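Notes follow once the structure below has been shown.
The values are calculated or read from the model by the stated rules, or taken from the named source; none is laboratory data. Bear in mind the structure is a predicted one, so any value in this text is a computation, not a measurement. Every residue, glycine among them, receives a Cβ derived from its backbone with ideal geometry; neighbour counts consider all protein chains shown. Accessible surface areas use protein heavy atoms only, side chains included; no ligands, DNA or RNA. Shrake-Rupley method; radii C 1.70, N 1.55, O 1.52, S 1.80 Å.
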Amino acid sequence: MKFKTLVLAALAVFAASCQKPEKLGSPNVEVKNASEINLAQEGAEADIQIISTLDWKLKDYTDEIKSWLVITPSEGKASNEVQTIHLRAIANEGGNRQAVISIYGNVLYNATVTVVQNGPKGDIGSAEA
């Protein structure tokens with residue numbers, strides 16, 4: 001009896017894995033609303049709208065960037081529908097800062113968004129000759 005149950009369970013798993021994947025068209029990762037987002041110095045929120053026919057994840061979202069910019073979600077599934085990535089920046093009390101975030105489907109298909117937040121100290125860290 002246990003053997004029969006195991007065989008039926010294995011067949012169910014096999015049948016589920018044999019279902020045809022949803023047709024999403026050509027591979028693509030595209031930002032729909034803006035390639036550059038400027039956030040207010042006092043802290044702000046914004047959304048990135050993307051369409052990705054590939055499973056995607058954020059690249060170049062470093063610990064340094066995470067210290068001032070929260071991005072959620074950091075990955076998603078392939079879809080023909082618009083997906084929203086939410087940005088939330090804390091107040092900037094230092095110099096201007098920038099994050100270049102890659103929404104990565106694979107090496108051939110990805111999109112980049114630049115997030116800029118000016119600070120009261122302006123451009124700092126540039127060496128003068």
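Here are a few things to note about the model shown:
- Check on Ala111, assigned to a strand (DSSP E or B), within 12 Å of Trp56 (Cα to Cα), open to solvent by less than 20 Å² (accessible area, probe 1.4 Å) and in contact (Cβ under 8 Å) with a residue 12 or more places away in the chain: yes
- The stretch 93-108 - residue that is assigned to a strand (DSSP E or B) and under 30 Å from Asn80 (Cα atoms) and, of those, farthest from the chain's Cα centre (by Cα): Gln98
This table checks each residue for (1) under 20 Å from Asn38 (Cβ atoms); (2) open to solvent by 70 Å² or more (accessible area, probe 1.4 Å).
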| residue | (1), (2) |
| --- | --- |
| Lys57 | no, yes |
| Asp63 | no, yes |
| Trp68 | yes, no |
| Ser79 | no, no |
| Thr84 | yes, no |
| Ala89 | yes, no |
| Gln117 | yes, no |
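- Among residues of the stretch 91-105, those that are touching a residue at least 60 places away in the same chain (Cβ under 8 Å) and open to solvent by less than 50 Å² (accessible area, probe 1.4 Å), counted: 2
- Strands (runs of 3 or more DSSP E) (entirely within the stretch 1-83) containing at least 2 residues that are at pLDDT 95 or above and not β-branched (Val, Ile, Thr): 36-39, 44-52, 56-59
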